[in-house]
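The values are calculated or read from the model by the stated rules, or taken from the named source; none is laboratory data. All of these numbers come straight from a predicted model, not from anything done at the bench. Note: ideal-geometry Cβ built from the backbone for every residue, glycine included; neighbour counts use all protein chains shown. These accessible areas exclude ligands, DNA and RNA; they are computed on the full protein's heavy atoms, side chains included. Shrake-Rupley method; radii C 1.70, N 1.55, O 1.52, S 1.80 Å.
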Amino acid sequence: MKIAITGAKGTIGQILLKGLAEHDLTLLDLPENDLLNYESTLETIAGNELLIHLAWDTENENINSSKIDQKNTKMYENVLRAALECGVKKLILASS
């Protein structure tokens with residue numbers, strides 16, 4: 001199965017990489033992949049059957065703050081929109 005993972009360098013992403021090693025993985029993370037850039041996101045996830053979205057900037061928006069980081073919202077919107085446009089069959093959105 002072709003699987004794209006955003007936030008692949010993070011703690012959960014690293015665990016998933018081990019468990020999904022037998023699959024064809026597309027790893028999206030900074031600085032190579034900026035999820036704020038819709039066209040780049042669309043191009044990178046095209047052809048994947050599953051997208052696992054883990055990318056999130058927790059510096060300003062986290063369990064201890066009451067802030068909403070608009071960059072996180074934009075990343076989520078771009079990932080969801082690109083998945084729909086590319087015909088990704090399954091999308092998993094995770095939050096910690």
For Ala94, are the conditions met, namely being within 21 Å of Lys9 (Cα to Cα), crowded, with 16+ Cβ neighbours inside 10 Å, modelled with pLDDT under 95 and in contact with a helix residue (DSSP H, G or I) (Cβ under 9 Å, 6 or more places away or on another chain)? no
Of everything in the stretch 35-51 that's within 19 Å of Ile3 (Cβ to Cβ) and among the hydrophobic types (A, V, I, L, M, F, W, C), which residue is most open to solvent (accessible area, probe 1.4 Å)? Ala46
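Would you kindly identify the strands (runs of 3 or more DSSP E) lying entirely within the stretch 1-71 that contain at least 1 residues that are under 14 Å from Ala83 (Cα atoms) and charged (D, E, K, R)?
Working: elements: 2-6, 24-28, 50-53.
Strands (runs of 3 or more DSSP E) meeting the threshold: 2-6.
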Please go through the stretch 48-78 and give me each residue that is closer than 22 Å to Gln14 by Cα, more than 12 Å from the chain's Cα centre (by Cα) and not charged (D, E, K, R), ordered by number. Asn48, Thr58, Asn62, Ile63
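Report, by residue number, each residue of the stretch 52-90 that is β-branched (Val, Ile, Thr) and surrounded by 12 or more Cβ atoms within 10 Å (Cβ to Cβ).
Taking the stretch 52-90 as the starting set, the residues that turn out to be β-branched (Val, Ile, Thr) are 52, 58, 63, 68, 73, 79, 88.
Selection gives Ile52, Thr58, Val79, Val88.
So in the stretch 1-29, with the set limited to residues that are among the aliphatic types (A, V, I, L, M) and free of Cβ contacts under 8 Å to residues at least 12 places away in the same chain, which one is least open to solvent (accessible area, probe 1.4 Å)? Break it down stepwise before answering.
To start, the set of residues in the stretch 1-29 that are among the aliphatic types (A, V, I, L, M) comprises 1, 3-5, 8, 12, 15-17, 20-21, 25, 27-28.
Pick out the ones that are also free of Cβ contacts under 8 Å to residues at least 12 places away in the same chain and you get 15, 21.
Values: Ile15: 112, Ala21: 71 Å².
Across the stretch 1-29, the extreme among qualifying residues is Ala21.
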